[in-house]
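S.K.: First the structure, then my questions, so here it is.
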Amino acid sequence: MTGNDNISNKQENKWPWIWLAYTGFLFIDPILEPSRNLWLGTIAVFITFLTLFYGYVRSTDEGRPLRFWMIGATILLGLITFPWNAGATTFFVYAAGFLPFSIESKSRVLSLFFAESLAILAEAYVFRTPGFFHIGLPNAIVCIFLLVVIGGGNIFFAEQKRADCKLRLAQEENVALAAVAERERIARDLHDVLGHTLSVIVLKAELAGRLIESDPQRAAHEIADVEKTARTALSEVREAIGGYRSQGLTAEMEQARKTLQSAGVALSCESPVPQLNATEETALCLTVREAVTNIVRHAKATQCRIRFARSEDGYHSLLITDDGAQPKIREGNGLRGMRERVQALGGRLSVTTSPGVTILIELPHTTDTHNEPSLSTDSSEIKAPLLTT
């Protein structure tokens, strides 16, 4: 709970005590027709009601049994006091004011209003004779009128308060869900960014270790690349935490070529890079990065093919295949993150493993592209010439 919520609750808890001003009606009869018994009885009733009112206000949760007991006791106090003090109408009005904030069902509240009105009329009929017990029909009608007006108004305010509470809960839930989604995004992006970059660092460090005696110059070059890649990784981590922004598919393809080349894998891109919006391009960039990382780590491949196209049902497609000896695919953080990104954009992802590994990503078409070839999911049917780099 925030500081603002605490302040709001404190202010809300103070408001009910203002309505104790209506208990002043109790003292009209003792002032106009003063008598010792009337004063003593009125003061005793007033103290009893203060106890009931305090119990009701302290019982802040809607639907708690204690609240119903307090309301019932308030109505009973009114029935006992009304015959000898007309100001006791205020107790019936209090009860009517309490009910909408204690019972959510509007029909049930209106039924209780009706039952309360019948009780008032019945008491007016029983104690209609002159003397100390002097309830008159006019007093009963005025009491029922106030009950309906104030109780009916409170139905509206109670529903408004419940709607505000639901809205506040929904907002808090949205904030919590947004925080969870952001944590998941950071986890996915860090896995893709760091997993790829650290794999490159390990690969280049191993290559430098092998070349340090036979080719010191190239070994020094690889070590320089390790330093450069590590600095790039630091920058990418900052970008991932703040919200990943890719350098574009063209730059990602060039980085993939360099990474695969260091691992002895030839990359063939069989189609031009399509024009996509930023969200789609980011998703495909991270997909390419994750796929290249998996090839370097696990595939033991010698060739990788990447092809962009548009499928027959209007989806942008990315096909990534390798000729490695891939063991049984297990969906870890990388593949899961890839699938979540694609599905979040309304796309599809499929992975097959014979021969090698084939990853097919399809995203809904949202921008105009030109001269995109059609795509078959079977990599053996690709007839375009290989542009080996």
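The values are calculated or read from the model by the stated rules, or taken from the named source; none is laboratory data. Predicted model, so just to flag it, every value in this text is computed and none were measured. As a convention, Cβ positions derive from the backbone with ideal geometry for all residues, glycine included, and neighbour counts pool all protein chains shown. The area values use the complete protein model at the heavy-atom level, side chains included, leaving out ligands, DNA and RNA. Shrake-Rupley method; radii C 1.70, N 1.55, O 1.52, S 1.80 Å.
S.K.: Please go through the range 295-310 and give me each residue that is under 14 Å from SER262 (Cα atoms) and out of contact with any strand residue (DSSP E or B) (no Cβ under 6 Å at 6 or more places or on another chain), ordered by number.
M.R.: VAL296, ARG297, LYS300, THR302, listed by residue number.
S.K.: Now for a separate question. Whether any residue in the range 341-350 is open to solvent by 70 Å² or more (accessible area, probe 1.4 Å), more than 30 Å from ALA205 (Cβ to Cβ) and assigned to a helix (DSSP H, G or I) is what I want to check.
M.R.: The answer is yes; a qualifying residue exists.
S.K.: Something else: Counting only residues that are open to solvent by less than 50 Å² (accessible area, probe 1.4 Å) and either at pLDDT 85 or above or of a type in the set (D, E, K, R) (or both), how many does the range 100-114 have?
M.R.: 3
S.K.: Is it true that GLY55 is without any contact (Cβ under 8 Å) to a residue 40 or more places away in the chain, in a helix (DSSP H, G or I) and open to solvent by less than 20 Å² (accessible area, probe 1.4 Å)?
M.R.: Yes.
S.K.: Okay, next question. Given the options LEU207, LEU267, LEU211, name the one that is modelled with pLDDT of 80 or more and not in a helix (DSSP H, G or I).
M.R.: On the way: LEU207 fails: not in a helix (DSSP H, G or I); LEU211 fails: not in a helix (DSSP H, G or I).
Exactly one of LEU207, LEU267, LEU211 is modelled with pLDDT of 80 or more and not in a helix (DSSP H, G or I), namely LEU267.
S.K.: Something else now. If LEU249 meets every condition in (1) open to solvent by less than 30 Å² (accessible area, probe 1.4 Å); (2) free of Cβ contacts under 8 Å to residues at least 60 places away in the same chain; (3) touching a strand residue (DSSP E or B) at 6+ places or on another chain (Cβ under 7 Å) apart from one, which number is that one?
M.R.: Of the numbered conditions (1) open to solvent by less than 30 Å² (accessible area, probe 1.4 Å); (2) free of Cβ contacts under 8 Å to residues at least 60 places away in the same chain; (3) touching a strand residue (DSSP E or B) at 6+ places or on another chain (Cβ under 7 Å), the odd one out for LEU249 is (3).
For every residue, the table says whether it meets (1) at pLDDT 80 or above; (2) within 17 Å of CYS304 (Cβ to Cβ); (3) hydrophobic (A, V, I, L, M, F, W, C).
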residue	(1), (2), (3)
ARG341	yes, no, no
VAL351	yes, yes, yes
GLY356	yes, yes, no
HIS365	no, no, no
SER376	no, no, no
SER379	no, yes, no
PRO385	no, yes, no
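S.K.: Among the residues of the range 303-322, are any small (Gly, Ala, Ser) and within 24 Å of ALA205 (Cβ to Cβ)?
M.R.: Within the range 303-322 (the criterion being small (Gly, Ala, Ser) and within 24 Å of ALA205 (Cβ to Cβ)), the answer is no, since none of the residues qualifies.
S.K.: Shifting gears a bit: Looking at GLU280, GLU312 in this structure, which one is touching a residue at least 60 places away in the same chain (Cβ under 8 Å) and not in a helix (DSSP H, G or I)?
M.R.: Exactly one residue qualifies, and that residue is GLU312.
S.K.: So, THR229, is that one at pLDDT below 80, under 18 Å from MET338 (Cα atoms) and either small (Gly, Ala, Ser) or in a helix (DSSP H, G or I) (or both) or not?
M.R.: No: the conditions fail for THR229.
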